[in-house]
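Visitor: Take this structure first; my questions come after.
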Amino acid sequence: MIDNSLDLNMVRLFVTMVEAKTLTAAAARSGMTRSNVSRRLKLLEQHMGAQLLRRTTRHVELTEAGSLLYTHGLRMLDELQAASASIDSLGQSVRGDVRIRLPTGLGHLYLTPVLLQFARTYPDISLRVVINDYIGDLISAEVDVALKITSMPPEDHVARKICDVGWCLCAAPSFLEENGPIHQAADLLECDLISPASLGRRFDLKITVAGTPVTLRVAPRIQSGDYPFLFESMMGGLGVALLPRYAVWRQIESGQIVEVLDQCDPEGVGDSIYMLTAPNRFPTLATRTLMDYVRSHLEDQSCAWRRARRGATGA
């Protein structure tokens, strides 16, 4: 006699079906044949007394009943995972796997050493780090937590603001020596500019100089979505760069680069760092440990980004 009672393995398989989008992909993720997955889905629907998924030639779609089971199933699995992690933590160390996504600038130019120190501090936590500027859906991307710099966090994720992010216009001393000083905002129109590609090939550069708002229509010479490339272009003396303060405050303090224009506050790509998690997902203890570690570091250091002390005055 076949036991059709509902168990967590059935729930876990159903969640995999939903997130994989097709029964074939769900079978591959679960190490089963497609026919086995299909048979188990039928047993689950018989047990629930309702159709859970509508099958099409390309993918599966949730019914209303399926949506309810998926929502509650996620909670059940997350609670089980959290309980397991908490039990593991009764020992001497926190254990588990954490998948984190970082934007390119914050990841490459600032947080890499922070994550390396975290890995040394918590040797029993395994990290999978993705560094790119595409956020997407955290569940389908198999990401536990993501950081995003934006002024408007996505509404389909749980967003926790960590701190503000300031931007600045800066240049290598060699560029200013070759091209002359920048005394006022209009001088920027005569300079080669370096900026994030997401602002567009031509855009309105909005800055506040000594409390006065100024808008300049600019067409940068160098643009990229890769912030380390923008940083290196600026350090190489190729122009005045629009960069987040977290990426350059140390170089400004040491005098390696110059922040142009006194009391200049430009508008960049987002004014805050948010930590994002998926809705209906309860972070594991390992994930919460990483979230607290990164948040604490950023909160402690963010005061240095508001306006770094200058090693040299604005030219």
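Visitor: Please state which of the following conditions L199 fails to meet, knowing it meets all the rest: (1) buried (at least 16 other Cβ atoms within 10 Å of the Cβ); (2) farther than 23 Å from E253 by Cα; (3) without any contact (Cβ under 8 Å) to a residue 40 or more places away in the chain.
Guide: (3)
Visitor: What's the total number of residues in region 150-160 that are surrounded by fewer than 13 Cβ atoms within 10 Å (Cβ to Cβ) and either modelled with pLDDT of 90 or more or in contact with a Gly (Cβ under 7 Å, 6 or more places away or on another chain) (or both)? Full working, then the answer.
Guide: To start, the set of residues in region 150-160 that are surrounded by fewer than 13 Cβ atoms within 10 Å (Cβ to Cβ) comprises 151-152, 155-156.
Checking which are either modelled with pLDDT of 90 or more or in contact with a Gly (Cβ under 7 Å, 6 or more places away or on another chain) (or both) leaves us with 151.
Selection size over region 150-160: 1.
Visitor: Let me ask you something else. Note down all Cβ pairs under 8 Å where the first residue falls in region 170-187 and is more than 22 Å from R217 (Cα to Cα) and among the aliphatic types (A, V, I, L, M), the second is modelled with pLDDT of 90 or more and open to solvent by 20 Å² or more (accessible area, probe 1.4 Å), and they're at least six residues apart or on different chains.
Guide: Taking only residues 6 or more apart or on different chains, the pairs are A172/M235; A172/G236; A172/Q256.
Let's see how each residue does on (1) open to solvent by 10 Å² or more (accessible area, probe 1.4 Å); (2) at pLDDT 90 or above; (3) in a loop (DSSP other than H, G, I, E, B):
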{"site": "P228", "(1), (2), (3)": "yes, yes, no"}
{"site": "F231", "(1), (2), (3)": "yes, yes, no"}
{"site": "M234", "(1), (2), (3)": "no, yes, no"}
{"site": "L238", "(1), (2), (3)": "yes, yes, yes"}
{"site": "E253", "(1), (2), (3)": "yes, no, no"}
{"site": "L261", "(1), (2), (3)": "no, no, yes"}
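Visitor: Could you list, in sequence order, the residues of region 169-196 that are small (G, A, S), surrounded by 13 or more Cβ atoms within 10 Å (Cβ to Cβ) and farther than 23 Å from P228 by Cβ?
Guide: A185
Here's the yes/no breakdown for (1) in contact with a strand residue (DSSP E or B) (Cβ under 7 Å, 6 or more places away or on another chain); (2) of a type outside the set (D, E); (3) at pLDDT below 85:
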residue	(1), (2), (3)
E61	yes, no, yes
L77	no, yes, yes
L115	yes, yes, no
G136	no, yes, yes
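Visitor: A follow-up question, please. Are there any pairs, at least 6 apart or on different chains, whose C-beta atoms fall under 8 Å, with the first in region 227-250 and on the phi > 0 side of the Ramachandran plot and the second surrounded by fewer than 23 Cβ atoms within 10 Å (Cβ to Cβ) and in a helix (DSSP H, G or I), and if so, which?
Guide: These pairs meet every condition: G237/S174; G237/E178; G239/S233.
Visitor: Kindly indicate whether Q46 is open to solvent by 60 Å² or more (accessible area, probe 1.4 Å) and either among the acidic types (D, E) or assigned to a helix (DSSP H, G or I) (or both).
Guide: yes
Visitor: Please determine, by comparing only the residues of region 26-43 that are outside any loop (DSSP other than H, G, I, E, B) and farther than 17 Å from L8 by Cβ, which one is least open to solvent (accessible area, probe 1.4 Å).
Guide: Once the filter is applied, the top-ranked residue is A27.
Visitor: Take the residues in region 277-299 that are among the charged types (D, E, K, R) and more than 16 Å from the chain's Cα centre (by Cα); name whichever of them is farthest from V114 (Cα to Cα). Even if it seems obvious, please write down each step before you answer.
Guide: Residues of region 277-299 among the charged types (D, E, K, R): 281, 288, 292, 295, 299.
Now restrict to residues that are more than 16 Å from the chain's Cα centre (by Cα): 281, 299.
Values: R281: 25, E299: 13 Å.
Looking at the filtered set, the residue picked out is R281.
Visitor: Here is a further query. Take the residues in region 272-310 that are open to solvent by less than 20 Å² (accessible area, probe 1.4 Å), at pLDDT below 80 and outside any helix (DSSP H, G or I); name whichever of them is farthest from E142 (Cα to Cα).
Guide: Taking the candidates together, the pick is A308.
The values are calculated or read from the model by the stated rules, or taken from the named source; none is laboratory data. Since we're looking at a predicted model, the values are computed, not measured. No Cβ is skipped: glycine too gets one built from the backbone with ideal geometry, and neighbour counts run over all protein chains shown. Ligands, DNA and RNA are stripped out before the accessible areas are found, and what is left, the full protein with its side chains, is counted by its heavy atoms. Shrake-Rupley method; radii C 1.70, N 1.55, O 1.52, S 1.80 Å.
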